[in-house]
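One structure is given below, encoded as structure tokens.
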Amino acid sequence: MKKVGYFKTWMLYNKQVFTNKSSPMKKHLILILSSLFLLSINLVSCSKSESNDSRPIVDNGSISITANKTSILADGKDEITFTVKDNNSKDITTESKIYVNGEAISGNTYTSKTKGEFTVKAVNLNRETSIKILVRHYTAKLYISSNRTSSFSSGSEQFEFKALDTKLNNVTSDTKFYVDDQLIDGHTFSSSTNGKHKVRAEYSEIKSADLLVGVNMSPRNVLVEDYTATWCGYCPESMYHLEELKSKTSANMVISAIHGSDEFQYSKIESLFSTFNITGYPTKIANRNIAQAINENDLISLVDESCHIGIKSTIQLDGNNAKIDVTLESYQTFTDIKLVVALCDNNQLADQSNYYNDEASSAFYKAGEKMKDFQHNYILRKTLTDLYGDAIPNDKLIQGTSYKLSFTTDVSKYNKAHLSAIAFLFKNGEVINVLSVDNL
């Protein structure tokens, strides 16, 4: 019965009571009981009204969405992770739906091969919010190297090739190698045919630049020292173009990144600044010849030169020590040669200033004025010889002979899994050959 029905019944009953001839006391008692009855009806009706209300209770508070990074590379592998929280900071990611440029994604992670600015929207019940992320320019690169620049013509000495992807991950086992345009089995090669041999590689549809090696002679590798710093906003663009040359023009380039006034500072950088009259960052020097320009044509012309002294090198880890062996192979007699052996570090993450954030033509467009966790490679850590070279005895560089040297150094402070060693030969104020081997 509805509340109004109870009320009508009560009114009719009281009318009858008060029109009948009843004693005053009886009328008073009936009035009290009727009032209590009406009160109980009201309580019951209120209770029923509350229990019959099935409308959902909606939290109208705001929600937020954040990402673990502001940008990713357009390589289809670099992943960004989103988190959704309510206004009480409770994680509601699994209860929310996430859209990227209007398309729902599965879960809360995202990758892309298309560069540009994307809108990421989170929806939870009737609440939504959005942020912007950037998918940055990405050029797939393949770097190849060899454990030696040359070999004698006996055919008993092997070249061992290695392939690294854009992020310097070792992809040798999945890479095809070609020598003089002929596919070889695996990644080793030997020959008794004198002269230069052209090596190239293919990995996941990515092609490397050519690497020249020699039998009974040595092609000339080129050392490029890049003076850089994490606070230098021009520096990442400079290194990007160096890596473009190395991956597309000639694999015979060896890069050394010499940092100043940052967390990767090389301890003897002031001496290099003074010797080579360096006044700012970035500065690039080829073969320690301050007048040498760095461009595609100059690089090709330098590599095309023949060198009559070759280098073979290995790097091995033993606990906190690294052992670096360097073998010099003379194809003619040399005098007054100096050897520099240095240790470099790779895959180090640190924030990097970026002055190209607003330049659409840059590889670092919209990557942020301060790029977080930027990957730094080729970092010069220490030299195991004199900075300007240890003299090699002239009687060790006779035509047709080889001379081996070994160096051991403590590497406990460094990223041991990503070390590389550089060995280069110095004569008359210029680098005449260089080789880099790594532990990647």
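Values in this text are rule-based calculations from the coordinates and carry no lab data. If you're wondering where the values come from, they're calculated on a predicted model, not measured in any experiment. Reconstructed Cβ throughout: ideal geometry from the backbone, glycine too, with neighbour counts over all protein chains shown.
Across the stretch 191-219, what is the total count of residues that are among the polar types (S, T, N, Q) and surrounded by 15 or more Cβ atoms within 10 Å (Cβ to Cβ)?
Taking the stretch 191-219 as the starting set, the residues that turn out to be among the polar types (S, T, N, Q) are 191-194, 204, 208, 216, 218.
Adding the requirement that they be surrounded by 15 or more Cβ atoms within 10 Å (Cβ to Cβ) leaves 191, 208, 216, 218.
Residues that pass the stated criteria total 4.
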Task: Matching residues in the stretch 180-212 - criterion: being part of a strand (DSSP E or B), aliphatic (A, V, I, L, M) and touching a strand residue (DSSP E or B) at 6+ places or on another chain (Cβ under 8 Å) - done: LEU183, VAL199, ALA201, LEU211, LEU212
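Does the stretch 358-389 hold any residues that are on the phi < 0 side of the Ramachandran plot and surrounded by fewer than 16 Cβ atoms within 10 Å (Cβ to Cβ), and which are they? Don't jump to the end; show me each part of the working.
Going residue by residue through the stretch 358-389, those that are on the phi < 0 side of the Ramachandran plot are 358-365, 367, 369-372, 374-377, 379-388.
Selection gives ASP358, GLU359, ALA360, SER361, GLU369, LYS370, LYS372, GLN375, ASP386, LEU387, TYR388.
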- [ ] May I ask you to verify whether ALA163 is closer than 18 Å to LYS141 by Cα and in a loop (DSSP other than H, G, I, E, B)?
- [x] no
Open item on the list: So, in the stretch 106-121, how many residues would count as being surrounded by 15 or more Cβ atoms within 10 Å (Cβ to Cβ), outside any strand (DSSP E or B) and not basic (Lys, Arg)?
Closed with: 3
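Of all residues in the stretch 122-143 being in contact with an Asp or Glu (Cβ under 9 Å, 6 or more places away or on another chain) and among the small types (Gly, Ala, Ser), which is surrounded by the most Cβ atoms within 10 Å (Cβ to Cβ)? Even if it seems obvious, please write down each step before you answer.
Of the residues in the stretch 122-143, the ones in contact with an Asp or Glu (Cβ under 9 Å, 6 or more places away or on another chain) are 122, 124-125, 127, 132-136, 138-143.
Those still in the list that are among the small types (Gly, Ala, Ser) too: 122, 140.
Details: ALA122: 24, ALA140: 15.
Out of the qualifying residues, it is ALA122.
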